[in-house]
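What follows is a set of notes on a single structure, which appears directly below.
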Amino acid sequence: MAPRRMETKPVIFCLKSLLLLYCFIFWVTGVVLLSVGLWWRFMLGPYMLLISNAPSNGPYVLTGTGVAIVLFGLFGCFATCRGRPWMLKLYAVFLSLVFMTELIAGISGFIFRHEIKGTFLTTFSDAVMRYDGRDDRSLAVDGVQRRLQCCGVYNYTSWFSSVYFPLGGVPASCCVTFSDCSVSDLKNATLAARKVHNQGCYELVTSFIESNMGIIAGVTFGIAFSQLIGASLACCLSRFINANQYEMV
């Protein structure tokens, strides 16, 4: 049995090295998800009011998933170093659950992207119609128009039917050059056309979603299927360790 054990040990060492490398990469993805969740919660929170009327659970899901992956990434490193088969099997089960969750989330996002665009259109249109320049949704509208250099839902004419237009005209966040925009210009439909951005925000956002959907889906599915690699490595290592222990008896 001695030669057989000598053949098994290099395989175990190789599998351990590969699994430790994978655990480190897996841990890094957890840190990234955790960072994205916190960034979404504290930086993108106001903009989420334009996508849904209800508070989004997305940042909490990402943060919780990131924390779980960080902890299980550390557990995977510990299980690999200790070489306990039951720990490796538990790690493989967790990776399989992560794979299923990410796969379902990716498929759902791809299938329901049109519903997401429809919800954004409805909520953003309502925010434009009820704009007052002071509440959270109004500030979010200003932020979108300023950052994306767009104006209104389809174009600047969307503001003509808003409750704000008779008082303040087109919001200053639509201006191409802020110093060249006066309130009187923004109240004048003819002059405002030359002072503000002509492209609507809805078109910009939806075109971005459509043009990048393939990349987003590819990255999501790629990350999801990478969990199968880790689960396979953990199962193989567990099997070789069991075989090696059996031969030593």
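Mind checking which residues of segment 197-226 are at pLDDT 85 or above and part of a helix (DSSP H, G or I)? Passing the criteria: 201, 202, 203, 204.
Is it the case that residue 57 is touching a helix residue (DSSP H, G or I) at 6+ places or on another chain (Cβ under 8 Å), at pLDDT below 70, open to solvent by 60 Å² or more (accessible area, probe 1.4 Å) and among the polar types (S, T, N, Q)? When the stated conditions are applied, residue 57 does not pass them.
Out of all the residues in segment 35-53, is one or more at pLDDT 85 or above and within 25 Å of residue 94 (Cβ to Cβ)? There is at least one residue in segment 35-53 that is at pLDDT 85 or above and within 25 Å of residue 94 (Cβ to Cβ). Among the numbered conditions (1) surrounded by fewer than 21 Cβ atoms within 10 Å (Cβ to Cβ); (2) over 32 Å from the mean Cα position of the chain (by Cα), the only one that residue 207 does not meet is (2). Each residue in segment 94-125 was checked for being open to solvent by 40 Å² or more (accessible area, probe 1.4 Å) and without any contact (Cβ under 8 Å) to a residue 40 or more places away in the chain, and 11 pass.
For segment 145-165, the count of residues that are closer than 30 Å to residue 107 by Cα, at pLDDT below 90 and out of contact with any strand residue (DSSP E or B) (no Cβ under 7 Å at 6 or more places or on another chain) is at least one. Taking segment 17-33 as the range and being open to solvent by less than 60 Å² (accessible area, probe 1.4 Å) and either in contact with a His (Cβ under 9 Å, 6 or more places away or on another chain) or in contact (Cβ under 8 Å) with a residue 60 or more places away in the chain (or both) as the test, the residues that pass are 19, 22, 23, 26, 29.
The values are calculated or read from the model by the stated rules, or taken from the named source; none is laboratory data. Nothing here was measured: the structure is a model prediction, and the numbers come from that model. Note: ideal-geometry Cβ built from the backbone for every residue, glycine included; neighbour counts use all protein chains shown. Each accessible area value is taken on the protein alone, full model and side chains, heavy atoms only, with ligands, DNA and RNA left out. Shrake-Rupley method; radii C 1.70, N 1.55, O 1.52, S 1.80 Å.
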